[in-house]
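J.: Before I ask anything, here is the structure I am working with.
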Amino acid sequence: MREIVLDTETTGFDPFSGDRIVEIGAVELVGHMPTGNHYHQYINPQRDMPTEAFEVHGISEEFLADKPLFAAIAQDFLDFIGDAKLVIHNAAFDMKFLNAELKWVNKPLISDDRAIDTVAMARRKFPGSPASLDALCRRFGITTERELHGALLDSQILADVYLELIGGRQPGLVLSEARTQTNTTTVDTNWRPSPRPQPLPPRLTESETATHQAFVEKLGDAAVWKRFEN
């Protein structure tokens with residue numbers, strides 16, 4: 001099963017009010033394990049960078065001036081994600097921006113049902129607790145080592161959080177191994193246990209043995225115990 005853990009950085013909150021994507025970061029998981037394959041791209045939004053947004057991600061208008069437009073990278077991005085499920089923290093936000101950008105350059109939109117929202121997962125798992133990425137990192141003991149947000153770094157952090165939310169790294173590994181062993185083990189129906197090379201030492205004390213022997217003698221020669229003495 002292939003999944004893409006994804007994050008974006010933007011100029012603001014609403015693409016329909018003029019805000020744009022300025023960075024996309026994504027990492028690939030196969031079977032809930034990172035493959036090392038990733039996608040990372042800065043994008044020229046063709047507009048200024050609001051101070052509020054710059055304070056979040058530190059990406060300046062000057063830095064983005066020579067970066068490609070979204071139209072130039074759209075197909076590469078779509079090729080990378082393919083038909084995989086998209087793991088996103090607060091998925092509605094990123095999906096809104098991605099589909100707005102894709103629509104503007106006449107590319108296929110991404111169906112909402114492909115998104116796995118880790119905010120919703122966290123709220124179901126820990127009702128009433130904070131569900132921000134930083135809060136979940138603290139809960140799971142994941143080191144972030146960041147001062148500013150970045151799409152690739154945040155997607156790498158989110159991948160660790162997502163794996164914890166679904167039960168830890170390689171969920172079901174033990175079960176899978178057990179299934180493999182069960183499916184590959186050949187059972188010999190003619191097998192029988194062989195005699196021990198050395199008999200086990202008796203666990204009765206000498207006193208207990210003498211007491212039992214006296215009891216058997218009282219029962220006479222017909223006592224059932226005497227059939228097993230030899």
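The values are calculated or read from the model by the stated rules, or taken from the named source; none is laboratory data. The structure presented is a predicted model; accordingly, all values stated were derived computationally and were not measured. Note: ideal-geometry Cβ built from the backbone for every residue, glycine included; neighbour counts use all protein chains shown. Note: areas computed on protein heavy atoms with side chains; ligands, DNA, RNA excluded. Shrake-Rupley method; radii C 1.70, N 1.55, O 1.52, S 1.80 Å.
J.: For the stretch 70-127, name all the residues that are surrounded by 14 or more Cβ atoms within 10 Å (Cβ to Cβ), closer than 21 Å to Ile166 by Cβ and among the acidic types (Asp, Glu).
T.: Within the stretch 70-127, Asp94, Asp117 qualify.
J.: Those residues that are farther than 26 Å from Trp104 by Cβ and open to solvent by less than 40 Å² (accessible area, probe 1.4 Å), I need them from the stretch 32-57; list them, please.
T.: Correct list: His32 only.
J.: Under 6 Å by Cβ, and 6 or more places apart or on different chains, what pairs join a residue from the stretch 102-124 that is under 12 Å from Ala74 (Cα atoms) with one that is at pLDDT 95 or above and surrounded by fewer than 17 Cβ atoms within 10 Å (Cβ to Cβ)?
T.: Within 6 Å, the pairs are Leu102/Leu109; Val105/Ala71.
J.: Quick check: is even one residue across the stretch 20-40 among the charged types (D, E, K, R), in a strand (DSSP E or B) and within 17 Å of Ala151 (Cβ to Cβ)?
T.: yes
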